[in-house]
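K.L.:
Okay, handing you the structure first.
The values are calculated or read from the model by the stated rules, or taken from the named source; none is laboratory data. Not measured: the values here are computed from a predicted model. Please note: Cβ atoms are built from the backbone with ideal geometry, for glycine as well, and neighbour counts cover all protein chains shown.
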Amino acid sequence: MLGAFAITPRRLALVVVASALCGGPLTAQTHAVPPAAAAAASALGERWIEHRVAPGERIAEIGDYYGVGSSDIIAWNKLDKDRPMIRTGQQLRIMTSAPSQSRERMSYLVRRGDSWATLSKRFAVTISRLRDQWNKGEESLQMGARIVVFRISEPELAVPSTTAPSLTAIATPVAAVKMPVSVLPMIAPAAGGQSVGRPDRGRIANATQLPINGGLYTVRNPDHSWGSSHAITLLARSIQEFRTTGFSGEVVIQDMSRKNGGRFRPHRSHQSGRDVDIRLPLRSGLTMGTIPTEAHHVDWDATWALMRAMLATDRVRFIFLSRPRQKQLYEAALRAGATKEELEPLLQFPRHSKTAVIRHSRGHTKHFHVRFSCGPDEPACIDPGFETDEPAQP
């Protein structure tokens, strides 16, 4: 998930005043990404950029940010496909519609009370990356010593779309935007994909695949990211709106539907392209890719903000989340300014409401499941009543 000193390129760079954030002197040596080697304009605005590899970066991480596959990066840069190796400082040529970034190598003066643990939280990176990759050989920290950190410099901020659904459509408005972030442009999905039948007994006509857009979300498995054009558009726009709250971590899209829909084990639903599983956002300081098996792994404030963005579309049929996890979500909603009266029709917690939108479903402890309603141009789509997405029986 994003941070001012995010090493993973998919993390959007936050606005950072270095002296205010770090409390100690920082000096910068900028390593700007060189101009594009060649123009390759397309309908998506793709062009060649050059990416400078920072310590500890992996090909898969770089590909996720720029929305390209590892195999493409390997081919474009003539790397050994059997043992692709990259080194710190290496320039990689990448064809992408995502913005290029400039990298800064920062020197931080260690102060009294600093430790690897506190600095890893301050710079939003793992201790391993900060100590073992950026500052190899520095086992202990001495006051007055200088250590190295890398950051992605602030890109030009984009103005949020005025046509995006407003978060104020439900509950109480967020008191203030935490920090402005760069919101990558929407990548429009292909038109014509339609949900047919029920979520648990249906298919997709002219199935549409969720576009790769590493700045907004991470797709765990592209083969499981098919859906109706209506649902995919709502999903991407909701995440785009959510990003304006300042959340800087990953949004991991797990499963939607298979191409053309139909049975998708172990899911009971996910058959007609309107269901999507989203991993619960991680709290700051955890290693990217950590599975949130415990409630304290989750950034519940971010989870509520993400759900609010989706609910604001007014096209969410249900959200499934295990009841034991709804307590933390409820408390986050109250922190955001929602009242108990506003939350009553939304969550089953603390009452066992039979009409709430956010409902218990067994197994939904590490992710939540969103089901979008049928689109206005989907005459064969069926919006039934409540079903869970508990695993189908063999």
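K.L.:
Within segment 74-94, can one find any residue that is more than 20 Å from V149 (Cβ to Cβ) and among the hydroxyl-bearing types (S, T, Y)?
P.N.:
No, that holds for no residue.
K.L.:
Farther than 22 Å from W226 by Cα, outside any helix (DSSP H, G or I), assigned by TED's automatic domain parsing to the domain that holds R220 and of a type in the set (K, R) - does that describe any residue in segment 256-278?
P.N.:
No; the residues of segment 256-278 include none that is farther than 22 Å from W226 by Cα, outside any helix (DSSP H, G or I), assigned by TED's automatic domain parsing to the domain that holds R220 and of a type in the set (K, R).
K.L.:
Separate question: Go through segment 192-243 and report how many residues are of a type in the set (F, W, Y) and farther than 20 Å from W304 by Cα.
P.N.:
Looking only at that region, the number is 1.
K.L.:
Step by step: first the residues of segment 346-387, then only those that are surrounded by 13 or more Cβ atoms within 10 Å (Cβ to Cβ) and of a type in the set (S, T, N, Q), then the one that is farthest from the chain's Cα centre (by Cα). Which residue is that?
P.N.:
It comes out as S353.
K.L.:
Just a yes or no: is a residue in segment 92-108 in contact with a Ser or Thr (Cβ under 6 Å, 6 or more places away or on another chain), of a type in the set (A, V, I, L, M), at pLDDT 80 or above and outside the structural domain of P211 (by TED's automatic domain parsing)?
P.N.:
Among the residues of segment 92-108, not one is in contact with a Ser or Thr (Cβ under 6 Å, 6 or more places away or on another chain), of a type in the set (A, V, I, L, M), at pLDDT 80 or above and outside the structural domain of P211 (by TED's automatic domain parsing), which makes the answer no.
K.L.:
Are any residues in segment 317-345 touching a residue at least 24 places away in the same chain (Cβ under 8 Å), more than 23 Å from the chain's Cα centre (by Cα) and either assigned to a loop (DSSP other than H, G, I, E, B) or more than 17 Å from A295 (Cβ to Cβ) (or both), and if so, which ones?
P.N.:
Within segment 317-345, G337, A338, T339, E342, L343 meet the criteria.
K.L.:
Somewhere in segment 259-266, is a residue buried (at least 19 other Cβ atoms within 10 Å of the Cβ), at negative phi and touching a residue at least 40 places away in the same chain (Cβ under 8 Å)?
P.N.:
Within segment 259-266 (the criterion being buried (at least 19 other Cβ atoms within 10 Å of the Cβ), at negative phi and touching a residue at least 40 places away in the same chain (Cβ under 8 Å)), the answer is no, since none of the residues qualifies.
K.L.:
More than 30 Å from R122 (Cα to Cα) and crowded, with 21+ Cβ neighbours inside 10 Å: which single residue out of L306, L321 fits that description?
P.N.:
So the residue among L306, L321 that is more than 30 Å from R122 (Cα to Cα) and crowded, with 21+ Cβ neighbours inside 10 Å is L321.
K.L.:
Can you tell me which residues in segment 347-374 are under 15 Å from S257 (Cβ atoms) and part of a loop (DSSP other than H, G, I, E, B)?
P.N.:
C374
The rows are residues; the columns are (1) at pLDDT 55 or above; (2) surrounded by 14 or more Cβ atoms within 10 Å (Cβ to Cβ).
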position	(1), (2)
A4	no, yes
R11	no, yes
A38	no, no
I59	yes, yes
I62	yes, yes
W116	yes, yes
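K.L.:
Which residues, taken from segment 198-254, are assigned to a loop (DSSP other than H, G, I, E, B) and polar (S, T, N, Q)?
P.N.:
N206, N213, N221, S225, S228, T244, T245, S248, Q254
K.L.:
Residue pairs, Cβ under 8 Å, 6 or more apart or interchain, first in segment 45-63 and closer than 22 Å to R220 by Cβ, second modelled with pLDDT under 75 and not β-branched (V, I, T). List them.
P.N.:
Partner pairs satisfying both residue conditions: E57/P9; E61/P9; E61/R10; I62/P9.
K.L.:
Test R279 against the stated conditions and say whether it is at pLDDT 90 or above, surrounded by fewer than 24 Cβ atoms within 10 Å (Cβ to Cβ), basic (K, R) and farther than 22 Å from G197 by Cα.
P.N.:
Yes, satisfied.
K.L.:
Run down I187, I204 and say which single residue is farther than 30 Å from M106 by Cβ and modelled with pLDDT of 90 or more.
P.N.:
That would be I204, the only listed residue that is farther than 30 Å from M106 by Cβ and modelled with pLDDT of 90 or more.
K.L.:
Kindly list, by first and then second residue, each pair from a residue in segment 115-127 that is among the β-branched types (V, I, T) to a residue that is modelled with pLDDT under 80, limited to pairs with Cβ atoms under 8 Å and residues at least 6 apart or on different chains.
P.N.:
As it stands, the answer is V125/G3; V125/F5; V125/A6; V125/I7; T126/S120; I127/S120, since those pairs meet every condition given.
K.L.:
Tell me, yes or no, whether segment 244-255 has at least one residue that is touching a strand residue (DSSP E or B) at 6+ places or on another chain (Cβ under 8 Å), more than 17 Å from G67 (Cα to Cα) and touching a residue at least 24 places away in the same chain (Cβ under 8 Å).
P.N.:
Scanning segment 244-255, I find at least one residue that is touching a strand residue (DSSP E or B) at 6+ places or on another chain (Cβ under 8 Å), more than 17 Å from G67 (Cα to Cα) and touching a residue at least 24 places away in the same chain (Cβ under 8 Å), so the answer is yes.
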